[in-house]
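This report concerns only the one structure given below.
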Amino acid sequence: MAQYAILIYAKAHEAEVISGAREAHERHFEDMVNSGALIAAVALQPADTATSIRGDVVTDGPFVDAKEVIAGFAVIEAPDLDAALKIARANPATQQGGGVEVRPVEGGFIADRPATA
């Protein structure tokens with residue numbers, strides 16, 4: 001089965017949190033786990049916590065100044081792009097003012113580490 005990265009975008013300067021947004025994302029996460037499609041998922045802290053490096057210059061903030069930023073990503077397994085798009089389309093970000101981008105994974109590595117309490 002092919003692997004796909006789903007990049008999850010949100011508004012960069014979201015002033016208010018959408019009611020029920022976190023719960024919707026948690027339900028979508030559980031759906032992906034229960035379907036067996038989910039390989040990895042990562043939620044990121046807000047873009048204003050980013051530190052960027054260009055050459056020898058280190059600056060506060062995201063690498064690119066944009067209206068939308070990557071809020072997280074998931075890696076899934078799906079039989080084809082159509083199936084991956086169906087999973088991605090169910091991501092709550094698509095209904096909360098953001099969106100998703102789906103890309104085939106060329107390669108990757110996830111370290112197997114013991115869980116910490």
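Structure values in brief
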item: Residues located in the range 17-74, provided they are under 20 Å from residue 6 (Cβ atoms) and of a type in the set (D, E, K, R); result: 22, 23, 26, 27, 30, 31, 67, 68
item: Qualifying residue in the range 57-77 (condition: open to solvent by 80 Å² or more (accessible area, probe 1.4 Å), closer than 21 Å to residue 110 by Cα and not in a helix (DSSP H, G or I)); result: no
item: Count of residues meeting criterion [open to solvent by 70 Å² or more (accessible area, probe 1.4 Å), free of Cβ contacts under 8 Å to residues at least 24 places away in the same chain and part of a strand (DSSP E or B)] in the range 25-56; result: 3
item: Residue 97 being in a strand (DSSP E or B) and open to solvent by less than 60 Å² (accessible area, probe 1.4 Å); result: no
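The values are calculated or read from the model by the stated rules, or taken from the named source; none is laboratory data. Note that the coordinates shown come from a computational prediction; the quantities given were computed from them, not determined experimentally. In this analysis, Cβ positions are derived from the backbone assuming ideal geometry, glycine residues included, and neighbour counts consider all displayed protein chains. For the accessible areas, the whole protein counts, side chains as well, though only heavy atoms, and no ligand, DNA or RNA atoms are used. Shrake-Rupley method; radii C 1.70, N 1.55, O 1.52, S 1.80 Å.
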